[in-house]
Amino acid sequence: MRTIHSMYLIFCFCLVISTQTIANGYGYMQDEDPLIKVFKAIILYGRQDNWPKVTAEVTSINDRFTDIYKIFKIDFKLQIDRAVQQKDFQTLANKMANVVFLAIREKFYYNHQEKLEIFIRAKVRLRLAEEYYVTVLAGNVRDYDVRHKTGLHESIYKKFVKARDTLGSMGFLGAGTLKPDVKEFETLTREIEALLLTAFPYFEAGEKDPT
């Protein structure tokens, strides 16, 4: 069953790459987050069996592996290096998707830590978390929904939309300011994490409540 999930995962990631290529051809794409760029490059070069380029891309985000380890205590660099050395594309795709999942958790974590007190920073983190989900993981969640007759993608997306409202508002010149709803934000983001782990049961989540 895990092998079947892995194949679906790779298939959906390949669709991400092909869609990106088509969109670039028509000039629709804007600058992407570095993690998303590297993820797509690793999947593309892995499919092409170009392992030197995969290695270079992995090395370019060593700092992201370090950041994730500091919070969640999972050494993904070691696991991904092993997959590259063994030229194991399935494992590589799974581990990189897991890194993206933890990058989402990381954005939530820092917003929890700051209690949404800095509006602009909290908004950017949530936007990036949503972008990671929509760009990288959503395709496979939709596929999971088809195979299991569930509605995880719709639930996850709606929770992201609701989470935007919990950030409050800076208002204009002091008027219309809204305080953030920290408790609701934490509830929604933990529900998003739980739904993602349902769709990706083989993901490592790291420490449940890192401090």
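FYI, it's all coordinate maths here, none of it is from the lab. What you see is a predicted model, and the numbers here were worked out from it, not measured in a lab. Every residue, glycine among them, receives a Cβ derived from its backbone with ideal geometry; neighbour counts consider all protein chains shown.
Just checking, which of ARG190, ARG121, ARG147 is closer than 23 Å to PRO34 by Cα and surrounded by fewer than 17 Cβ atoms within 10 Å (Cβ to Cβ)?
Among ARG190, ARG121, ARG147, only ARG121 is closer than 23 Å to PRO34 by Cα and surrounded by fewer than 17 Cβ atoms within 10 Å (Cβ to Cβ).
Determine which single condition PRO201 fails, assuming it passes every other condition in (1) assigned to a helix (DSSP H, G or I); (2) closer than 26 Å to PHE76 by Cα.
(1)
Quick check on the range 66-96: of everything there that is among the acidic types (Asp, Glu) and without any contact (Cβ under 8 Å) to a residue 12 or more places away in the chain, which residue is farthest from PHE203 (Cα to Cα)?
If we take residues in the range 66-96 being among the acidic types (Asp, Glu) and without any contact (Cβ under 8 Å) to a residue 12 or more places away in the chain, then ASP88 is farthest from PHE203 (Cα to Cα).
Just name the residue that is farthest from GLU186 (Cα to Cα) out of those in the range 105-151 that are assigned to a helix (DSSP H, G or I) and of a type in the set (Ser, Thr, Tyr).
It comes out as TYR144.
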